[in-house]
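What follows is a short report on a single structure.
The values are calculated or read from the model by the stated rules, or taken from the named source; none is laboratory data. All figures in this text were calculated on a predicted structure; none of them were measured in a lab. With ideal geometry, Cβ positions are generated from the backbone for all residues, glycine too; neighbour counts draw on all protein chains shown. Protein only, heavy atoms only, side chains kept; ligands, DNA and RNA dropped before computing areas. Shrake-Rupley method; radii C 1.70, N 1.55, O 1.52, S 1.80 Å.
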Amino acid sequence: DAAKASLMIVIADAHSPKNQLLLDGIQSVVGKKLPVTGGSVNKNAGQNWVYYQGKAYTDSAVALVLTGGLKVAQAGRQAKDNDAVISTARESAATALNKLGKAPDVIVAFDCAGRMGKLKNVADELAAIQGSVGREVPLFGLYCAGEFGPADTSDAPDPTVCYGRGWHVMMSALGQ
């Protein structure tokens, strides 16, 4: 029941711009107000698959819907060079944390592998996120090829709606 859902995490074998088409389909069923995050597993032809119940599937997506009255606050930031990747990771984490309005129970981050490729030191991005949320808060995330969440691009004008975009870090802060 979408009305009781707090967050949908989607792992897909799509990639920009296909991931927006996937998200459009999801939102046609659950609506545009349900927070969605996640990402695409790969972008290389012939290497796209997701696993579900011990089997590999192509042209597929797996979704996990979290319920139970969780509060979710999201922020997404785009960047394409070393300094901006680090600063937008810090800013995205801080924005999600501030929107939540209290200490989160967990932070979920889906980050563009293209962003990772622009970093001189990959650990700098993690340090920037932890600088905003602290080291005590559990942080789950991964690099992917196309991310789902609130985008900060001109073609994604509504910050309360989730989009499928690339070059973003999509941060979700979850709390009781």
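Couple of notes before you dig in:
- Qualifying residues in the range 70-118 (those that are among the acidic types (Asp, Glu) and outside any loop (DSSP other than H, G, I, E, B)) - the one nearest to residue 169 (Cα to Cα): 111
- Scanning the range 119-139 for residues that are open to solvent by less than 60 Å² (accessible area, probe 1.4 Å) and outside any helix (DSSP H, G or I) yields 119, 134, 137.
- Taken together, the residues in the range 48-64 that are open to solvent by 70 Å² or more (accessible area, probe 1.4 Å) and either within 25 Å of residue 35 (Cβ to Cβ) or not hydrophobic (A, V, I, L, M, F, W, C) (or both) amount to 9.
- No other residue among 104, 35 is in contact with a Cys (Cβ under 7 Å, 6 or more places away or on another chain), at negative phi and either surrounded by 20 or more Cβ atoms within 10 Å (Cβ to Cβ) or among the acidic types (Asp, Glu) (or both) apart from 35.
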